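Note sheet for the following structure.
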Amino acid sequence: MTWISKKTFILNRSLWTRKQIARLLAILTLAPAAAYLSINLARPRPVTSAVMSDQWKCTKTAGIVTVCTKKPG
């Protein structure tokens, strides 16, 4: 390989392939969406319980776990 052909090869070579750019864009798009969803699903939400009296405060986390605590007073 001569000096000119080496220089031409280096100038024509791309630092990122289209596949790498697509993968990077997918990660940059999906990562914040996954973080947003996980934060919103994990946040406890107040729930009314027909079984418990008004002296209890119940919250449901991630739509699965229900935790009830007795209100002070």
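Here, each number is a calculation from the coordinates, and none is a lab measurement. In this text, all values refer to a predicted model and were calculated from it rather than measured experimentally. Here the Cβ positions follow ideal geometry from the backbone for every residue, glycine too, while neighbour counts run over all protein chains shown.
Apply 1/(1 + (r/R0)^6) to the Cβ-Cβ distance of Ala26 and Val67, taking R0 = 35 Å, and write down the FRET efficiency to the nearest 0.05. Walk me through the intermediate numbers first.
Values: r = 36 Å, r/R0 = 1.04.
With a Förster radius of 35 Å, E is 0.45.
Run the numbers for Gln55 and Leu37: contour at 0.36 nm per residue of separation, minus the present Cα-Cα distance, in nm. Don't jump to the answer; show the numbers that get you there.
Values: separation 18, 0.36 × 18 = 6.48 nm, distance 3.17 nm.
Extending this stretch completely gives an extra 3.3 nm.
The ellipsoid equivalent to the alpha-carbon distribution of the stretch 10-73 has semi-axes of 51, 9, 6 angstrom, derived from the gyration tensor eigenvalues as √(5λ) and listed largest first.
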